[in-house]
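The values are calculated or read from the model by the stated rules, or taken from the named source; none is laboratory data. Only a predicted model underlies this, so the values are computations on that prediction, with no experimental measurement involved. Cβ coordinates were reconstructed from backbone atoms using ideal geometry, including for glycine residues, and neighbour counts include every protein chain displayed.
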Amino acid sequence: MLLKVRRNMPLALAVLALMVLILAPFYWIFTSSVKEPQEIIARHPTLFPQSFTLEHYDKLLNHSPFPTYLRNSLIVALGTMIITVVLATLAAYGLYRLRFPGRQMMFRVILITYAFPGVLLLVPMYDMMSRLGLVDRLLALVIVDVTLAAPFAVWMLQAFFRTIPQELEEAAALDGATRLGIIVRILLPLAAPGVAAIAIFAFITSWTEYIFSSILIVSEANRTVPVGLAGIIGQYQVDWGLLLAGATATALPVLVLFGLVGRNFVEGLTAGAVR
């Protein structure tokens, strides 16, 4: 027993160090968001808050445009997640179940999209959105975020669709089920972990996207959270309390989403890696 403990000790220490490395920034942001302004900018930082205040959150929610930024980000992220799941499901099914000329080439083209930095699409995307009259519209961000998330989502779902026996689809087809019915009633329930994984991936991709949001959105009324928080940083001074409170509030939707379907997300990633 003692020998087993000694063998597992380096692994346990490594996991503990990784947890501290990951959780420490979140702890620092949250605890600093409830500190008095003088304590936040003190020369000697405090690990545990010596003061407690909610004035930063009151200012964030009642005296700043942050609620508008939050609403815009939720609209864009949820729209991106729903559209990505629908498109990726149909595309993955078409690529890995249907036989048509150029299928393998199309799959390679989908993967090649991740070989180039997304910033290369900035100028052509702006030109296209300008021609369509979508500049300073949330719909433009949804289109861009779906473009960024969908290729990986299609690749992710292929691991699940390949493990589902084709005999199930054939049996459903004999019972009169349509292609769409087979996808909705058979494939999606069996591939639920993969669907949850791409849903979370699409949500986070949209929630944290900054470059396209800062270029395609002009008015403050349509800004998303990343761009809005960047605007808090002034040229000569920074309201650190407001910025930290905003960072904490920004992380909450992602934490809630992980709390609801995080188990399926991890299962989806591991299953996709093994299969």
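Quick rundown of the values:
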item	result
Some residue of the stretch 32-51 being part of a helix (DSSP H, G or I) and among the hydroxyl-bearing types (Ser, Thr, Tyr)	yes
Residue that is modelled with the lowest pLDDT, among those in the stretch 232-253 that are under 17 Å from Ile75 (Cβ atoms) and crowded, with 16+ Cβ neighbours inside 10 Å	Pro253
Yes/no for Thr147 being among the polar types (S, T, N, Q), surrounded by 14 or more Cβ atoms within 10 Å (Cβ to Cβ) and at pLDDT 80 or above	yes
Answer from Leu229, Leu180, Leu157 - the residue that is closer than 30 Å to Leu134 by Cβ and buried (at least 22 other Cβ atoms within 10 Å of the Cβ)	Leu157
For Asp145: the one exception among (1) in contact (Cβ under 8 Å) with a residue 40 or more places away in the chain; (2) out of contact with any Ser or Thr (no Cβ under 7 Å at 6 or more places or on another chain); (3) of a type outside the set (A, V, I, L, M)	(2)
Helices (runs of 4 or more DSSP H) lying entirely in the stretch 138-194 (those with 1 or more residues that are farther than 26 Å from Tyr69 by Cβ and of a type in the set (Lys, Arg))	179-182
Boolean, Phe107 is in a loop (DSSP other than H, G, I, E, B) and not charged (D, E, K, R)	no
Residue check, Gly102 free of Cβ contacts under 8 Å to residues at least 60 places away in the same chain and on the phi > 0 side of the Ramachandran plot	yes
Filter pass, Val20 being under 27 Å from the mean Cα position of the chain (by Cα), at pLDDT below 85 and surrounded by fewer than 11 Cβ atoms within 10 Å (Cβ to Cβ)	yes
Failed item in (1) modelled with pLDDT of 90 or more; (2) surrounded by fewer than 17 Cβ atoms within 10 Å (Cβ to Cβ); (3) in contact with a helix residue (DSSP H, G or I) (Cβ under 8 Å, 6 or more places away or on another chain), with Leu122 passing the rest	(1)
Conditions (1) touching a residue at least 12 places away in the same chain (Cβ under 8 Å); (2) surrounded by fewer than 19 Cβ atoms within 10 Å (Cβ to Cβ); (3) farther than 14 Å from Arg97 by Cα: number failed by Arg162	(3)
Cβ pairs under 9 Å, 6+ apart, first in the stretch 29-42 and surrounded by fewer than 16 Cβ atoms within 10 Å (Cβ to Cβ), second assigned to a loop (DSSP other than H, G, I, E, B) and charged (D, E, K, R)	Pro37/Asp239; Ala42/Lys35
Positions within the stretch 83-107 being more than 24 Å from the chain's Cα centre (by Cα), of a type outside the set (Gly, Ala, Ser) and surrounded by 10 or more Cβ atoms within 10 Å (Cβ to Cβ), in sequence order	Leu95, Tyr96, Arg97, Arg103, Met106
Extreme residue, farthest from the chain's Cα centre (by Cα), among residues of the stretch 179-218 that are charged (D, E, K, R) and either at pLDDT 85 or above or more than 16 Å from Gly94 (Cα to Cα) (or both)	Arg185
Identity of the residue in the stretch 213-226, among the hydroxyl-bearing types (Ser, Thr, Tyr) and outside any helix (DSSP H, G or I), that ends up surrounded by the most Cβ atoms within 10 Å (Cβ to Cβ)	Thr224
